[in-house]
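The values are calculated or read from the model by the stated rules, or taken from the named source; none is laboratory data. Quick caveat: nothing in here was measured; it's all calculated off a predicted structure. Accessible surface areas use protein heavy atoms only, side chains included; no ligands, DNA or RNA. Shrake-Rupley method; radii C 1.70, N 1.55, O 1.52, S 1.80 Å.
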Amino acid sequence: MAIMSILKYPDPRLRLKAACVDNVTDRTQQLIADMFDTMWDANGIGLAATQVNVHERVIVMDLAADGSEPRVFINPSIKIIDATCIPYDEGCLSIPNTFETVERPSHVLISALDQQGTPFEEEATGLMAVCIQHEIDHLDGKLFVDYLSSIKRQRIRKLLKKERA
Ligand code: GNR
Ligand code: NI
């Protein structure tokens with residue numbers, strides 16, 4: 001069990017593009033275990049490896065946030081099934097104390113490898129659809145604040161800077 005430290009906006013390492021996982025190894029399993037510990041410790045519902053400064057395409061998720069629904073997505077991709085956007089008040093463990101409304105497609109088909117490296121597909125709506133899009137964005141170096149106006153983004157950046165100082 002290891003709790004990793006979570007990079008905080010505007011750390012430039014959050015902008016790196018994560019590489020595909022070629023082989024799911026013991027090292028991948030260790031990373032996944034540590035990511036779950038880190039996510040649950042921080043009371044998050046999802047975590048992308050990018051946020052713990054590992055630039056590989058690995059996501060963990062537990063929409064219940066209590067250990068009851070652990071999910072792993074390796075090399076995830078999505079296809080949009082319904083492009084109708086739904087608004088959701090998003091937060092991010094890399095952007096503490098900040099919630100803003102973001103609109104994303106409401107229904108997606110996820111393709112990924114599971115923890116054993118076996119491919120699977122799954123349809124997602126609601127919070128699951130929001131969360132997988134938020135996490136895949138992390139793997140591509142993108143943050144939810146990128147969808148806001150630059151004025152709002154600037155304000156968030158200054159507030160976080162002040163809180164940390
Ligand atoms: O814990 C989290 N909650 C959340 C709420 C609304 C939309 C997305 C999320 S993901 C976030 C954890 C996180 O930062 N994952 O990258
Ligand atoms: Ni996030």
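Points to keep in mind about this one:
- Long pairs among LYS8/LYS158; LYS79/LYS152; LYS8/LYS79; LYS17/LYS162; LYS17/LYS158; LYS8/LYS161, criterion Cα-Cα beyond 22 Å: LYS79/LYS152; LYS8/LYS79; LYS17/LYS162; LYS17/LYS158
- In terms of accessible area, using a 1.4 Å probe and ignoring ligands and nucleic acids, THR38, THR125 rank largest first as THR125, THR38.
- Rule-of-thumb Rg ratio for the chain [Cα; 2.2 N^0.38 Å; N residues]: 1.00
- Averaging the sequence gap over all C-alpha pairs within less than 8 Å and six or more residues apart, then dividing by the number of residues, gives the range 38-154 a relative contact order of 23 percent.
- Computed over the chain, the per-residue total of -39500 (n - 2.57) for DSSP H runs of n ≥ 4 gives a 222 nm mean residue ellipticity of -9000 deg cm²/dmol, rounded to 500.
- Accessible surface of ARG15, taken over heavy atoms with a 1.4 Å probe and every protein chain present, rounds to 100 Å².
- Rolling a 1.4 Å probe across the protein heavy atoms gives the chain an accessible surface of 51 Å² per residue.
- For the residues ASN97, ASN53, ASN75, a GNM of the chain with alpha-carbon springs under 10 Å puts the largest fluctuation on ASN97.
- By accessible area, using a 1.4 Å probe on protein heavy atoms only, the chain has 52% of its surface on carbon and sulfur.
- Pairwise centroid distance, computed over Cα atoms, of the range 8-32 with the range 72-139, Å: 17
- Under the membrane-span-like helix rule (DSSP H runs whose alpha carbons stretch at least 18 Å along the helix axis, mean Kyte-Doolittle hydropathy -0.5 or higher), the chain yields 126-139.
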